[in-house]
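The values are calculated or read from the model by the stated rules, or taken from the named source; none is laboratory data. Nothing here was measured: the structure is a model prediction, and the numbers come from that model. Ideal geometry is used to build each Cβ from the backbone, glycine not excepted, and the neighbour counts take in all protein chains shown. The area values use the complete protein model at the heavy-atom level, side chains included, leaving out ligands, DNA and RNA. Shrake-Rupley method; radii C 1.70, N 1.55, O 1.52, S 1.80 Å.
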Amino acid sequence: MDELIRILDSALSDASGFLWGYVLLFALMGTHLYLTVILRFPQRYLLKGIGYCLRRSKEGHGHISNFSSLMVSLAANVGTGNIVGVAVAVSTGGPGAVFWCMITGVLGMATRYAECLLAVRYRVRNEKGQIVGGPMYAIERGMRCRWLAIVFAVFTAIAAFGIGNITQANAVAGVLQESANMPTYATGIILSVLTAIVLLGGLKGIARVCSACVPTMALIYITGCIIVLAGNAAYILPAIERICTCAFTEQAATGGFIGSCIMLAMRTGVARGLFSNEAGLGSAPIISAPVRTPNAVQNALVSSTGPFWDTVVICSMTGITITTCILGHEELGSEGGTLLTYHAFGTIGSIGTWMLVVSLATFVISTILGWSYFGEKALEYLGGQRLIIPYRALWVVAVFVACIIPKSTIVWNFADCANALMAIPNLICTVALSGVLISQTKYYLWENRLDAQTTREIPDKTSPPSEAQ
């Protein structure tokens, strides 16, 4: 049995390495660049997107606000990848990886804009009259390709249990056991009960919790980074200079850093940025669909700010903090990537360690809640409302089981493969429907009609796609 698990783990590791290597690197970055060009650099509307996020809209169909939609999306995106993942990127690809991670976040804003615009454009009403949507509906009703929509939904439902549940719960249980001596079963009980309570409230319950949780956890974490940076103030400018320099030059092993080449820094940073903000994976559009907005473009602008907060702000803060700490404490450079952030925060004493633990635990809990909705809607697309209650029960059980099982790479590799395979249909959809993206953007954004109410009615899920779509 052990030999079978080892073989399966090795096969999944190879598949994950292949998919998250040059396949998705070129597919995602190529799509980011393509959409950035054809949509005339939508990133320049960042402040406008932030403004609409903070504005309370009473117009349009939908169940949640722009702000709540963005918070649930960030709750699912911001997690261990922003803390541990960046540390691994720096320890593997050097400080230059931070620069390429940030660039990926900027370019990813265009893809997030596009996929969320399509989600709202092709949203429908289910049998209970609730508004649902996402790449599966855009693929089916926009591309008229139901089999590809099914492929996306299947891999989304699988990926939800991997990257959005088991790996997250397992990580937080390990952190609390190591830092607070909390038994894993105790973490499992508390986490599963809290998850069950929130899921009882459905989408609005998840949105309420995430709207309160995400700003708080981000503030705690950024405050911790600022305190660490203040303690290493003399190294901030040298760290930024090192990050920018190493992004374009070869780096020898010196000053606590390992040696790395330009391509390694680029590949590591881009891969971490793509995996962190999930722009192009197709998860965030699912929560954009039920938003209350007068037109698809207005919410798309709000959604496009997600990769900015996730990657440009939080990942960059992590990278700069780690780099300053290595410059000031060269012995940290010998630490493994997973421990690098932990020991960097530990340079300011126990308060830094606890701020990191609280941030990481909160990030993980919010990720579990956000991904529960993504997986639920993917499963609903495949089998209808009757699957939701069993799905929620299974989700809560999986949270508890994940906390008590030993850490295993097989779960991470499996989750990585499922994530990659859900991204491919979504990327095909955004490129195939680029004509719709341009026409919608031209009418509402370029011609200044962002507050205009769309005249398009939201169809029932069972109604056939019309030519107007």
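Applying the criterion of being in contact (Cβ under 8 Å) with a residue 60 or more places away in the chain and surrounded by fewer than 23 Cβ atoms within 10 Å (Cβ to Cβ) to the residues of the stretch 142-154, the residue that is nearest to the chain's Cα centre (by Cα) is 154.
Only residues that are more than 14 Å from residue 75 (Cα to Cα) and touching a strand residue (DSSP E or B) at 6+ places or on another chain (Cβ under 9 Å) were counted in the stretch 299-314, giving 2.
For the stretch 415-456, taking the residues that are surrounded by fewer than 17 Cβ atoms within 10 Å (Cβ to Cβ) and modelled with pLDDT under 80, the one that is nearest to the chain's Cα centre (by Cα) is identified as 456.
Okay, residues lined up against (1) of a type in the set (D, E, K, R); (2) assigned to a helix (DSSP H, G or I); (3) crowded, with 21+ Cβ neighbours inside 10 Å:
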site: 208; (1), (2), (3): yes, yes, no
site: 212; (1), (2), (3): no, yes, no
site: 216; (1), (2), (3): no, yes, no
site: 221; (1), (2), (3): no, yes, yes
site: 224; (1), (2), (3): no, yes, yes
site: 227; (1), (2), (3): no, yes, no
site: 230; (1), (2), (3): no, yes, no
site: 234; (1), (2), (3): no, yes, no
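This table checks each residue for (1) within 30 Å of residue 121 (Cα to Cα); (2) open to solvent by 30 Å² or more (accessible area, probe 1.4 Å); (3) assigned to a helix (DSSP H, G or I).
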{"site": "3", "(1), (2), (3)": "no, yes, yes"}
{"site": "9", "(1), (2), (3)": "no, yes, yes"}
{"site": "17", "(1), (2), (3)": "no, yes, yes"}
{"site": "30", "(1), (2), (3)": "yes, yes, yes"}
{"site": "67", "(1), (2), (3)": "yes, yes, yes"}
{"site": "72", "(1), (2), (3)": "yes, no, yes"}
{"site": "85", "(1), (2), (3)": "no, no, yes"}
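Scanning the stretch 102-134 for residues that are closer than 30 Å to residue 318 by Cα and of a type in the set (Ser, Thr, Tyr) turns up 104, 111, 113. Of all residues in the stretch 185-194, none satisfies being free of Cβ contacts under 8 Å to residues at least 40 places away in the same chain, open to solvent by less than 10 Å² (accessible area, probe 1.4 Å), in a helix (DSSP H, G or I) and of a type outside the set (Asp, Glu).
Residue-by-condition table, conditions (1) out of contact with any Lys or Arg (no Cβ under 7 Å at 6 or more places or on another chain); (2) crowded, with 19+ Cβ neighbours inside 10 Å; (3) at pLDDT below 85:
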position: 45; (1), (2), (3): yes, yes, no
position: 50; (1), (2), (3): yes, no, no
position: 75; (1), (2), (3): yes, yes, yes
position: 117; (1), (2), (3): yes, yes, no
position: 123; (1), (2), (3): yes, yes, no
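Scanning the stretch 391-449 for residues that are of a type in the set (Asp, Glu) and free of Cβ contacts under 8 Å to residues at least 24 places away in the same chain turns up just one, 447.
Among the residues of the stretch 114-150, those that are in a helix (DSSP H, G or I) and either among the basic types (Lys, Arg) or more than 17 Å from residue 431 (Cα to Cα) (or both) comprise 121, 141, 146, 147, 150. The residues on offer are 158, 139, and the sole one that is open to solvent by 50 Å² or more (accessible area, probe 1.4 Å) and at pLDDT 80 or above is 158. Filtered by the rule that a residue be part of a helix (DSSP H, G or I) and either modelled with pLDDT of 95 or more or farther than 18 Å from residue 70 by Cβ (or both), the stretch 94-108 gives 96, 97, 98, 99, 100, 101, 102, 103, 104, 107. So for the stretch 363-379 (the condition being open to solvent by 20 Å² or more (accessible area, probe 1.4 Å), at pLDDT below 85 and over 16 Å from the mean Cα position of the chain (by Cα)), does at least one residue qualify? For the stretch 363-379, residues open to solvent by 20 Å² or more (accessible area, probe 1.4 Å), at pLDDT below 85 and over 16 Å from the mean Cα position of the chain (by Cα): absent. Among the conditions (1) modelled with pLDDT under 85; (2) open to solvent by less than 30 Å² (accessible area, probe 1.4 Å); (3) more than 19 Å from residue 111 (Cα to Cα), residue 398 misses just one, which is (1). Would you confirm whether any residue within the stretch 412-422 is part of a helix (DSSP H, G or I) and farther than 30 Å from residue 143 by Cα? Within the stretch 412-422, one or more residues are part of a helix (DSSP H, G or I) and farther than 30 Å from residue 143 by Cα. Scanning the stretch 440-450 for residues that are closer than 13 Å to residue 300 by Cα and either in a loop (DSSP other than H, G, I, E, B) or in contact with a Cys (Cβ under 6 Å, 6 or more places away or on another chain) (or both) yields one hit, 450.
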